[in-house]
Every structure is written in structure tokens, then in C-alpha cells.
1. Going through ALA59, ALA90, ALA79 one at a time, which residue ends up being in a helix (DSSP H, G or I) and either at negative phi or more than 13 Å from the chain's Cα centre (by Cα) (or both)?
2. Return yes or no: is LEU36 modelled with pLDDT under 95 and in a loop (DSSP other than H, G, I, E, B)?
3. Is it true that PRO96 is more than 16 Å from PRO203 (Cα to Cα) and either among the charged types (D, E, K, R) or open to solvent by 10 Å² or more (accessible area, probe 1.4 Å) (or both)?
4. Can you pull out every residue in region 93-108 that is part of a strand (DSSP E or B) and either closer than 23 Å to ARG128 by Cβ or hydroxyl-bearing (Ser, Thr, Tyr) (or both)?
5. Given the criterion open to solvent by 10 Å² or more (accessible area, probe 1.4 Å) and over 14 Å from the mean Cα position of the chain (by Cα), identify the matching residue among ASP101, ASP136, ASP113.
6. Identify all residues within region 154-195 that are open to solvent by 60 Å² or more (accessible area, probe 1.4 Å), among the hydrophobic types (A, V, I, L, M, F, W, C) and in a helix (DSSP H, G or I); write none if there are none.
7. Go through region 109-153 residue by residue and tally those that are over 23 Å from GLU176 (Cβ atoms) and part of a helix (DSSP H, G or I).
8. I need the full set of residues from region 139-153 which are under 14 Å from CYS63 (Cα atoms) and crowded, with 19+ Cβ neighbours inside 10 Å, in order please.
Amino acid sequence: MPAVLGALFCLAACGGGGDGDASASPSAGSAGTVGLSPPSSSGGSGAVGSGSGLLALDAGTSCGLPDFRNSLLQQINAARATARSCGATALPAVAPLAWNDRLFSAAARHSRDMATNNYFSHTGLDGRSASQRVADEGYAWSWVGENIAAGQSSVSTVMSGWLASPGHCANIMRAEYRDVGVSCVQQAGSTYGRYWTMTLARPQ
């Protein structure tokens, strides 16, 4: 089964249906980026993880890959440190991102949901968008974005795929973002095996 990709971004607060599903019928290399919505004063509800606390970085939320967090931060920030073309768009080098546990928890919940329920979409089965997931972890955001992928076996493979795709590359290179969290969840018997979510954001 080929690996798949999906991407979105929005300003505060696209919420609700604003995070258009880029991957309802996934195919190799599928991707999309939602349009901007007018900013507002609030990024969401702020109810942390629906009362269940933040998810931890462990073998279950990193596909058991070694040095998961450090490898991702190194590759993300190495990409951002170099000017590059994302498709036809030339983008300058930008500041590094910091790992954020709330964004990681939002990413991990979405990867776990996709893996457990065997689907691939920016919209959760509960109808929540990426922006809603981030707000529900208690991160008050002014910008939020999400890259998803499925089937890739390593940090290097998923990063290469995202950087080779214009929408995902543009998300990674977006100067407005300050924080990031990435999760990978593996589920035997699922369509793609491994489900990746990268959540990027800027606080209010």
C-alpha cells in the first residue's frame, strides 16, 4: 500500500468546518491546504484533552522509533534553516521551532484515532478539526497547522515526503509557527500500519 500525505493550516479561528478534509479518499501523495479565515480573539475552548490529561511521548505514540523527538526536531529545524522552494513558491529560511507537549498530545490523539479506527483524514471521527484538537489540549493559538501521513517507516522517510510536497513543505516552512509536536502510532491490521501527525502552532 503506498504511503499518503495530507496538510492544512489556518489562522485563528477557522475551527468548525474550516479545516477542510484534504484526504477523504487518500491516494499516494495526496495533499491539500485550507484557506485562511479571519482572526478572532479566541483559539478555542481550552479544555485540556477533554479531561484526560496530556498524552506522553512513549513507544506507543512514537511507533517505538529511537530518539524520536530529537530526530524530528533536528530534521524540522534543519529544513527551516535553509531557504527552499515548496513547489513553485520560494521560501526563505525561518527560525527554529520548539517542541511543545500540548501540540504533541493533540498530534498523538489524532494519530491514535486514525490508527485505531483505520481512517486517514484531518477531521476526527468525532468531527473535531486540528484547531479544535489543539485548543482542547489547552494551547491558545493564533496560527495552527497540521501535516498528516500514513505508511512511512521512519522519521527521515516521513520528513522527505512532507518536504517533497508543496503544501506540507509550506507548512513546515511557515514563519508564523513557533511550536511543534509530532506523533506516530502503529496499528497492526490497519490499512497503512503507521499514522503520523505533525501539529504546528503559534500561541496568542
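The values are calculated or read from the model by the stated rules, or taken from the named source; none is laboratory data. Since this is a predicted model, take the numbers as computed values, not measurements. So basically every Cβ, Gly included, is an ideal-geometry build from the backbone, and we count neighbours across all protein chains shown. All accessible areas refer to the heavy atoms of the entire protein, side chains included, with ligands and DNA or RNA removed. Shrake-Rupley method; radii C 1.70, N 1.55, O 1.52, S 1.80 Å.
1. Values: ALA59 fails: in a helix (DSSP H, G or I); ALA90 fails: in a helix (DSSP H, G or I).
Matching residue, one of ALA59, ALA90, ALA79: ALA79.
2. Taking the combined requirement at face value, the residue satisfies it.
3. Values: more than 16 Å from PRO203 (Cα to Cα): no; either among the charged types (D, E, K, R) or open to solvent by 10 Å² or more (accessible area, probe 1.4 Å) (or both): yes.
It is false that PRO96 is more than 16 Å from PRO203 (Cα to Cα) and either among the charged types (D, E, K, R) or open to solvent by 10 Å² or more (accessible area, probe 1.4 Å) (or both).
4. Step one: list which residues in region 93-108 are part of a strand (DSSP E or B), which gives 98-99.
Result: TRP99, single match.
5. Details: ASP101 fails: over 14 Å from the mean Cα position of the chain (by Cα); ASP113 fails: over 14 Å from the mean Cα position of the chain (by Cα).
Checking each option against the conditions leaves just ASP136.
6. Matches in region 154-195: ALA164 only.
7. The total comes to 8.
8. So the first thing to find is which residues in region 139-153 are under 14 Å from CYS63 (Cα atoms), and the list is 149-153.
If the condition is that a residue be under 14 Å from CYS63 (Cα atoms) and crowded, with 19+ Cβ neighbours inside 10 Å, then ALA149, ALA150, GLY151, GLN152 are the ones that fit.
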